1. Return the whole-Å distance between the Cα centroid of the range 80-131 and the Cα centroid of the range 1-32.
2. Any chance you could list the semi-axes, whole Å, largest first, of the equivalent ellipsoid that the Cα gyration tensor gives for the range 7-80, using √(5λ)?
3. Can you give the Rg to Rh ratio of the chain, both from alpha-carbon atoms, with Rh computed by the Kirkwood formula?
4. Which lysines, if any, have their Cα less than 30 Å from the Cα of Lys118, not counting same-chain residues under 8 positions apart?
5. At 7 Å along Cα-to-Cβ for each site, give me the label-to-label distance between Glu157 and Arg129 in nm.
6. Which of these, Arg119, Arg129, Arg12, has the largest mean-square fluctuation under a Gaussian network model of the chain (Cα springs below 10 Å)?
Amino acid sequence: MIASVSGEVLVRRPDHVVVDTGGVGYRLSVSTETLKAVPAIGKRASLHAHLVARDDALNLFGFASEEERDLFLLLISVGGVGPKVALAALSGGPVRELLRAIAAGDAKRFQAVPGIGKRTSERIIVELREKVAGEIEVEADGAAAQAGGEARSLAREGLLNLGYTPTETERLLEGADGETPEEIVQAALRSATGARAA
């Protein structure tokens, strides 16, 4: 099994690259996300790889990270998702975003991928949701803090759009709790109403 390919980049196309390793040029199909990480022609590159053997062909796929290769392997384990379709799905955004979409049950994210219909996208969610949930939980603490910051930022914008001054907005946000921007804004408006009543 070819696990990785390192060498000089000979060809760099939208859907594949060719890497010269010891005088042999390996053609690796890549996602647009991986292509961003591949340097210019003539430079050295190192890609994780996976070989798909079929009766009529040997296809080599390249990945910028092990994480992307792992998600590729998960995707092709789903019925109706072949290597090319899995690669198209990986082109839909960073691996972490795709993992979060699966964990959140966001089937529509995958319906936008050429070759994936409603039924297949739902199958991806059903079959992979539990498998990726563990990976997402590992980063959950950090992500929760970031999401909380984003929610407060959006709530701040919402209050400013409602006509509150920056000073009033900050004061209202001090006592406002919630997980989503909407919840935070509602809590802030309740405290504003309470303050006026007092």
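1. Value for the Cα centre distance between the two parts: 25 Å.
2. Taking √(5λ) for each Cα gyration eigenvalue gives 22, 15, 10 Å.
3. Reported Rg/Rh (Cα atoms, Kirkwood Rh): 1.16.
4. Here the lysines satisfying the reach criterion relative to Lys118 are Lys36, Lys84, Lys108, Lys131.
5. Here the modelled spin labels are 2.9 nm apart.
6. Arg119
Readers should treat all values here as calculations from the given coordinates under stated rules, not as data from a laboratory. Computed from a prediction, not measured in an experiment: that's the story for all the values here. Using ideal geometry, Cβ is built from the backbone for each residue, glycine included, and neighbour counts are taken over all protein chains shown.
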